[in-house]
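Chemist: My questions all concern the structure below.
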Amino acid sequence: MISGIITKVAGPLVIAEGMRDANMFDVVRVSKQRLIGEIIEMHGDKASIQVYEETSGLGPGEVVESTGVPLSVELGPGLIGAIYDGIQRPLNEIMKVAGNNLTRGVEVPSLDHKKKWHFTPSVKAGAKVQAGDVIGTVKETNAVIHKIMLPNKLSGKIKSIKEGDFTVDETVAVIENDGKEENITMSVKWPVRIGRPYKRKLSPDILLTTGQRTIDTLFPIAKGGVAAVPGPFGSGKTVVQHQLAKWAAADIIVYIGCGERGNEMTDVLNEFPELKDPRTGNSLMERTVLIANTSDMPVAAREASIYTGITIAEYFRDMGYTVALMADSTSRWAEALREMSGRLEEMPGEEGYPAYLGSRLAQFYERAGRVIVNGSDDTEGALSVIGAVSPPGGDISEPVSQATLRIVKVFWGLDASLAYKRHFPAINWLTSYSLYTDQLAKWYSENASSDFMELRTRVMSLLQDEAELQEIVNLVGMDALSANDRLKLETARSIREDYLHQNAFDSVDTYTSLKKQVLMMRAILLCYDKSSEALKKGADIEMLMSMPVRERIGRFKYEEENNIDSEFESVKAILDKEIEDVIERSED
């Protein structure tokens, strides 16, 4: 056992001497209280240790013991529905042991080692298997079949495998390789700072459907893509992430509350079990893993929390699932980096953040992707990462936002002025972007509609024209505009209020299928085209703008999915009739 003596304590940073034989990123136990820490720097026999628990009361002379292993997570049945802190300690179990307060030094296993799970083999004795192959399954919840995979770097022939009820520590199979036998259990450990291996990465050319019109139509994210949601306080970052957790086409959700306020995390913990999963009709927690690391928990544990979360997400990706990871928020994680960097007396970069902020963020986001996973079959898995950024005062010129924007391909810029107008999701259509749009064009034409990209382009150009016309209106008033320009403004208003505005709390409007999105865009643009033709024939602009059918188009979003075709045909027929009426009345 490698042990040293504490020489200095500075907040979450502890420096210990006599640690020459320890390795970087080894987990250590600090003092008699056995606080969990991790070595983050070595100078000769001096180790700088990041302690993941409160260090008040620690002093020089106390003992530090190295465990000799890096910070790792335990992966196996029992992850789904669990609520962990930043270093994968189960909060529910800690509460049973220590009560409502998070006691220092408490040691609780990450998985339940006493619970028995029913293991069903997928291969027979004598079969040849390699790392990543699924050797059996466990029904973890109604929504998730947990696949037991052969651990990394193992291959050989199955000597024995049996069905039955086992704990995560009991042997379910024995594998033979070059005369050596290996016992296989249902759980493995994996170091959090090392990405799990895969065969190859695939192109991000499949849409991750979310049912949120602004996202799916204007700023899409691909399966295995990375997106950032920056925005000031109160602009709806958390609601966007909740909506994506509920409606995105993902099999597993990993939600990391990284340094957010306790009350926000409490909302998540209270709401997720009650949210009805649209896929199964049961609780959303049946396919969710929560990592709760609030702002009043030790700062250093925030830094570990996003690595803990993404390692768990990669584990489910390796089973062939589509996983969506929400990190809320990476700004708080960066603050933990800044604090530790300051304690280590490193040369600060911009605004006191460490100079390596950008590379650390990149290391996190690059673990996303759509991949062919390890194993004999070419199984496909995807991990999409959506990171919320909380820039102070909504100023995205600050270092964390800028470093994030250099890495991610989708930027959903939340706008406080839209939020104050009660326009949700408050994604600003003039500043947001998605770099996946061109790669997804083929997918849209095959799976949504052959003219989807054309409809999207027209919607975007109308919104941009509106911004330019609005400047003229602000200067000289509405009367200075031509009838055509007034019609453009009115159509853009319809796009904003009837299409982009979406009510997360309405049972129908909360989710819109791609087919319905296409019909809604067609209805708005059809009204614009027919009205433009009517203007050429001398129709009165005031009459066109007050047609009753326009309200019908506005209410299209509240139509049930099974009525949308008949409603669209009905709107078309009424529109033709009302346009004719306007032309006739204008001639009179």
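The values are calculated or read from the model by the stated rules, or taken from the named source; none is laboratory data. Treat the numbers as computed from the prediction; the structure is a model and nothing was measured. No Cβ is skipped: glycine too gets one built from the backbone with ideal geometry, and neighbour counts run over all protein chains shown. When the accessible area is computed, the model is the full protein with side chains, heavy atoms only, and any ligands, DNA or RNA have been set aside. Shrake-Rupley method; radii C 1.70, N 1.55, O 1.52, S 1.80 Å.
Chemist: Measuring from label point to label point, each 7 Å out along Cα→Cβ, what is the LEU405 to ASP581 span in nm?
Modeler: Going from the LEU405 label point to the ASP581 one covers 4.8 nm.
Chemist: I've got another one for you. For segment 23-68, what does the alpha-carbon gyration tensor say about shape, rounded, prolate or oblate, given a ≥ b ≥ c as the root eigenvalues, a/c under 1.5 as rounded, and a/b over b/c as prolate?
Modeler: Since a/c reaches 1.5 and a/b is larger than b/c, the shape of segment 23-68 is classed as prolate.
Chemist: Right, here's the next one. How large is the charge dipole for segment 286-327, taken about the Cα centre, if only the Cβ atoms of Lys, Arg (+1) and Asp, Glu (-1) carry charge, to the nearest 20 debye?
Modeler: I would put it at about 60 debye.
Chemist: Moving to a separate point now. Is there a quick way to get the dipole size of segment 426-536? I mean about its Cα centre, with the Cβ of Lys and Arg at +1 and of Asp and Glu at -1; what is the value in debye to the nearest 20? It would help to have the intermediate numbers written out before the result.
Modeler: Numbers: 12 positive and 17 negative charges, 61 e Å.
Here the size comes out at about 300 debye.
Chemist: Using the Karplus curve 6.51 cos²θ - 1.76 cosθ + 1.60 with θ = phi - 60°, what ³J(HN,Hα) values do you get for each residue of segment 16-31, in whole Hz, with x for Gly and Pro?
Modeler: 10, 9, x, 10, 3, 8, 7, 10, 4, 6, 5, 7, 10, 10, 9, 6
Chemist: Which one of PRO77, GLY225, VAL299 is farthest out on the positive end of the charge dipole of the chain, using unit charges on Cβ (Lys, Arg +1; Asp, Glu -1) and the Cα centre as origin?
Modeler: Of PRO77, GLY225, VAL299, it is PRO77.
Chemist: Where does the chain land at 222 nm, in deg cm²/dmol rounded to the nearest 500, when only DSSP H runs of n ≥ 4 count, each adding -39500 (n - 2.57), divided by all residues?
Modeler: -10500 deg cm²/dmol
Chemist: Take ILE5 and ARG261, extend 7 Å from each Cα along the Cα→Cβ direction, and tell me the distance between the two endpoints in nm.
Modeler: Going by the 7 Å Cα→Cβ label model, 4.7 nm.
Chemist: Sticking with this one: Show me 374-382, 536-544 ranked by packing, highest mean number of other Cβ atoms within 10 Å first. Present the calculation step by step, with values, prior to reporting the outcome.
Modeler: Working: 374-382: 18.0, 536-544: 15.7.
For the peptides 374-382, 536-544, the packing ranking is 374-382, 536-544.
Chemist: Now for a separate question. Note down the nm distance, to one decimal, between modelled labels 7 Å out along Cα→Cβ at MET95 and at ILE372.
Modeler: Reported label-point gap for MET95 and ILE372 is 4.5 nm.
Chemist: OK, next. Enumerate the amide H contacts of ASP85 below 5 Å, restricted to partners 5 or more residues apart or on another chain; note that Pro and chain-start residues carry no placed amide H.
Modeler: Amide H neighbours of ASP85, under 5 Å, 5+ apart: LEU91, ALA292.
Chemist: Picking from HIS501, THR512, SER397, whose Cα lies most toward the positive end of the charge dipole for segment 391-532 (charges on Cβ: Lys, Arg +1; Asp, Glu -1)?
Modeler: Checking the options against the dipole of segment 391-532, the answer is THR512.
Chemist: Also, quick follow-up: So how much slack lies between LYS442 and MET460, counting 0.36 nm per residue of separation and subtracting their Cα-Cα distance, in nm?
Modeler: Fully extending the segment from LYS442 to MET460 adds 4.6 nm.
Chemist: Picking from THR379, MET545, PHE272, whose Cα lies most toward the positive end of the charge dipole for the chain (charges on Cβ: Lys, Arg +1; Asp, Glu -1)?
Modeler: Result: THR379.
Chemist: Using a 1.4 angstrom probe, figure out how much accessible area segment 125-220 has per residue, in square angstrom, rounded to the nearest whole.
Modeler: Accessible area per residue, segment 125-220: 45 Å².
Chemist: Rounded if a/c is under 1.5, else prolate if a/b beats b/c, else oblate: with a ≥ b ≥ c from the C-alpha gyration tensor eigenvalues square-rooted, which is the chain?
Modeler: prolate
Chemist: A further question on this structure: Where the only charges are on Cβ atoms (+1 Lys, Arg; -1 Asp, Glu), what is the dipole of the chain about its Cα centre, to the nearest 20 debye?
Modeler: Here the chain has a charge dipole of around 1720 debye.
Chemist: Looking at the square roots a ≥ b ≥ c of the eigenvalues of the Cα gyration tensor of segment 318-463, which shape do they give, rounded for a/c under 1.5, prolate if a/b is larger than b/c, or oblate?
Modeler: Oblate shape, in that a/c is at least 1.5 and b/c is the bigger or equal ratio.
Chemist: If you don't mind, another one. Using the Karplus curve 6.51 cos²θ - 1.76 cosθ + 1.60 with θ = phi - 60°, what ³J(HN,Hα) values do you get for each residue of segment 45-51, in whole Hz, with x for Gly and Pro?
Modeler: 9, 9, 10, 8, 10, 8, 9
Chemist: What full-extension length gain, to one decimal in nm, is calculated for GLU176 and THR431 as 0.36 nm per residue of separation minus the Cα-Cα distance?
Modeler: Stretched fully, the GLU176-THR431 segment lengthens by 86.0 nm.
Chemist: Return the long-range amide H neighbours of VAL64 (sequence gap of 5 or more, or a different chain), with a cut-off of under 5 Å between placed amide H atoms.
Modeler: Under 5 Å from the amide H of VAL64: GLY4, ILE5, ILE6, SER31.
Chemist: Starting from the Cα of LYS114, move 7 Å in the Cα-to-Cβ direction to define the label point; list residues of segment 134-148 whose amide nitrogen is under 11 Å from there.
Modeler: Label zone hits: none.
Chemist: Could you tell me how far the Cα centroid of segment 138-182 sits from the Cα centroid of segment 430-483, in Å?
Modeler: The two parts, judged by their Cα centres, are 53 Å apart.
Chemist: On a 0 to 90° scale, report how tilted helix 437-447 is relative to the longest principal axis of the chain, with both axes built from alpha carbons and the result rounded to the nearest 10.
Modeler: 70
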